[in-house]
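Before any comments, here is the structure.
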Amino acid sequence: MDLEGLADRIVPFPVDAGRLSSLRSYAGGVLWLDHPVSGELGSSVGAPGHGRPTTALVRFDLNKLRESTVTGDADDYAVTGDGKQVLLESHRALRLVPADADADSLDDEDERSVPVDLSRVRITVDPSAEWRQMYEETGRLMRDNYWRPDMNGVDWEGVLAAYRPVLERVATHDDLVDLLWEVHGELGTSHAYVVPPGRPGLAARRQGLLGADISRHADGRWRVDRILPSETSDPQARSPLAAPGVAIRPGDAVLAVDGVPVDPLTGPAPLLAGTADKPVELTVAPADGGRPRYAVVVPLDDEEQLRYHAWVRECREKVTRLSGGRLGYLHVPDMVSSGWAQLHRDLHTEVAKEGLIVDVRENRGGHTSQLVLEKLTRQILGWDLVRDSTRPVSYPMDAPRGPIVAIANEHAGSDGDMVTAAIKILGLGPVVGTRTWGGVIGIDSRYRLVDGTLVTQPKYAIWLRNYEWGVENHGVDPDVEVPIPPQDYAAGRDPQLDEAVRLALEALERTPAAQPPELPPLPGA
């Protein structure tokens, strides 16, 4: 091979760009997976029951210089040793197909497509031996990946030796997980997780949820107290009782589900078991005492997104009310793509107000805090004035126009710790609330044990100006400490948000927000 000038002789494959992975060679060329491109603002699934876009296995024939699709539905694949066959994995099923097959000419009935019958595979596992191997593997992974080779002064081999007698007494997988947690805990470092493999429940057993608060009233009937509003940009936040044509209102009573009367003691929940994403008929008595009517709804199996968006809306409405519309409100739920999408749902509108409340309470962490900070640290250098537009736009766009006040609490962690610390270091504004979680030595979640149990190794440590190494195991202290006592939480009061609004309005009195200029005078005037 002539290595000199090799980089100059690279020729790209003449194929379209995309989300491509798992590039491998076969006897006549190369294969790769082509993943669907989808965004995080909302979902790629438009409605219940709709299938998600699938990943295709694509081939490029180096003899014919032609691209083609082997199959349009592949989760993973492997090439046989001779390079002539491909083992496809799709929906947990395996089949062997020729590497040069085309999707248009190959189907399940084709004799060249050979299914692999995994039901005939017999495996015998000695749990005790497997658990001993998993224990040692966990120790090796931590030793080789922990952020300090000296294990931060902990005698790691001594720790493993000390817990081995307990390993001999382990009787269940849950026992093993508890033991591994204890071993990891000896390091006193965040993000040292042990997560057993999940076993998803059967869809037929998923509890159906109506996206509403329903309670038993004095007359013994179960009535709708509140219907959570839909967030139309997020299909996971649809509200079954607010769907078109349902016309159920707060105060209406749910009398029956699919014709079965609602028990006055247990309510409608038992009758909604196994109804998630399936149409059900509710018999409803209107609050005004009219005749009962029937409504068909499609229950949810998870209300988290629906309730989250409702909470954000309530916080924003409260900030608007308390400030007379002068302050904007943004909540950042995490520092991954979903949180980045949530930030941009409202960014353009909220930063255009005189001041800004940035709420990172309950932030689950991630890796996008640097991007969030780039938005918050923008400074207005000028204005774009366009005829017939409703208002001038700052240059750069989405730059805060006035004071910023942040809110954090003990559930803001990892990158939530980081962004809170950075707000204080940069002096962007005061932080209100309680001390953050205190876990900033990150992980990449690369390794699983033989049975699929995830074990993580704290690997990415951070040093911060003003804090040095001190955020880990302590967190970031607020400038103004405001706890939320249980009685306030139960009553729906939010003293942290109240204090943030007060501080922002005070800051506006001292330093007014940037305002667009008046039009220039006419020439010669």
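Results, tabulated for the structure shown:
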quantity: Accessible surface, per residue, of segment 174-295 when the full set of protein chains is kept, probe 1.4 Å, Å²; calculated: 52
quantity: Helix-derived mean residue ellipticity, 222 nm - over the chain, DSSP H n ≥ 4, -39500 (n - 2.57), to 500; calculated: -7500 deg cm²/dmol
quantity: Student exercise, the chain dipole from Lys, Arg, Asp, Glu Cβ charges, in Debye to nearest 20; calculated: 1220
quantity: Rounded Å value of the spacing that divides the Cα centres of segment 21-35 and segment 278-312; calculated: 48
quantity: Per principal axis, descending, Cα span of segment 263-306 in whole Å; calculated: 32, 22, 18
quantity: Förster-model FRET efficiency, 45 Å R0, residue 8 and residue 144, C-beta, rounded to 0.05; calculated: 0.75
quantity: Under-5 Å amide H pairs with residue 76, H placed in peptide plane, nonlocal only; calculated: 89
quantity: Calculated FRET value between residue 35 and residue 15, using beta carbons and R₀ = 22 Å, to 0.05; calculated: 0.95
quantity: Along principal axes, Cα extents of segment 310-453, largest first, whole Å; calculated: 64, 32, 29
quantity: Distance between segment 414-461 and segment 143-174 - C-alpha centres, whole angstrom; calculated: 23
quantity: Inter-label distance for residue 273 and residue 258, nm, one decimal - labels placed 7 Å from Cα along Cα-to-Cβ; calculated: 1.2
quantity: Segment 384-398 - phi-based ³J(HN,Hα) in whole Hz, Karplus 6.51/-1.76/1.60, Gly and Pro as x; calculated: 9, 10, 10, 4, 6, 7, 6, 7, x, 10, 5, 10, x, 5, 6
quantity: Furthest towards positive pole of dipole, 283, 192, 414, structure part the chain, Cβ charges; calculated: 283
quantity: Cα gyration tensor category, rounded, prolate or oblate, for segment 276-338 with a/c compared to 1.5; calculated: oblate
quantity: Among 237, 217, 227 the positive-end extreme of the charge dipole of segment 212-306 (Cβ point charges); calculated: 217
quantity: Label point 7 Å beyond Cα of residue 154 along Cβ direction - residues of segment 452-484 with amide nitrogen under 18 Å; calculated: 454-462, 470-475
quantity: Probe 1.4 Å, accessible area per residue of segment 377-525, Å²; calculated: 56
quantity: Cα-centre dipole for segment 324-464 with unit charges at Cβ (Lys and Arg positive, Asp and Glu negative), debye to 20; calculated: 160
quantity: FRET efficiency, residue 1 to residue 389 (Cβ-Cβ, R0 51 Å, nearest 0.05); calculated: 0.25
quantity: Value of Rg/Rh across segment 107-235 [Cα atoms, Kirkwood radius]; calculated: 1.20
quantity: For the chain, the longest site-free run once GluC sites (Glu not before Pro) in DSSP loop states with at most 13 other Cβ atoms within 10 Å are removed; calculated: 169-517
quantity: Residues of segment 307-372: accessible area per residue with a 1.4 Å probe, Å²; calculated: 38
quantity: Where the Cα pairs of segment 380-510 fall when distances are cut into 5 Å bins, in %; calculated: 2, 9, 13, 14, 13, 13, 12, 10, 7, 4, 2, 1, 0
quantity: Estimated dipole of segment 138-287 in Debye, rounded to 20 [Cβ of Lys and Arg +1, of Asp and Glu -1, Cα centre]; calculated: 440
quantity: Per-residue HN-Hα couplings for segment 208-216 [Karplus 6.51, -1.76, 1.60; θ = phi - 60°; Hz; x = Gly/Pro]; calculated: x, 10, 9, x, 8, 8, 10, 9, 7
quantity: Nitroxide proxy distance, nm - points 7 Å out along Cα→Cβ at residue 445 and residue 465; calculated: 3.2
quantity: Once the Cα gyration tensor of segment 246-359 is diagonalised, semi-axes √(5λ) in Å; calculated: 38, 18, 11
quantity: Along each principal axis, Cα extent of segment 92-162, largest first, Å; calculated: 62, 30, 14
quantity: The chain - Rg and Dmax from Cα coordinates, angstrom; calculated: 29.0, 94
quantity: Where Cα atoms sit under 30 Å apart: lysine pairs in the chain separated by 8 or more or lying on different chains; calculated: 9
quantity: Residue among 504, 453, 484 farthest towards the positive dipole end of segment 427-513, charges placed on Cβ; calculated: 453
quantity: Percent carbon-and-sulfur accessible area, the chain, ignoring ligands, DNA and RNA, probe 1.4 Å; calculated: 52
quantity: Stokes-Einstein D in µm²/s, Kirkwood radius over Cα pairs - segment 185-265 at 10 °C with 1.306 mPa s viscosity; calculated: 97
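The values are calculated or read from the model by the stated rules, or taken from the named source; none is laboratory data. Just so we're clear, the structure is a prediction, and the values are computed from it rather than from any experiment. Don't worry about glycine lacking a Cβ; one is built from the backbone with ideal geometry, like all the others, and counts go over all protein chains shown. Each accessible area value is taken on the protein alone, full model and side chains, heavy atoms only, with ligands, DNA and RNA left out. Shrake-Rupley method; radii C 1.70, N 1.55, O 1.52, S 1.80 Å.
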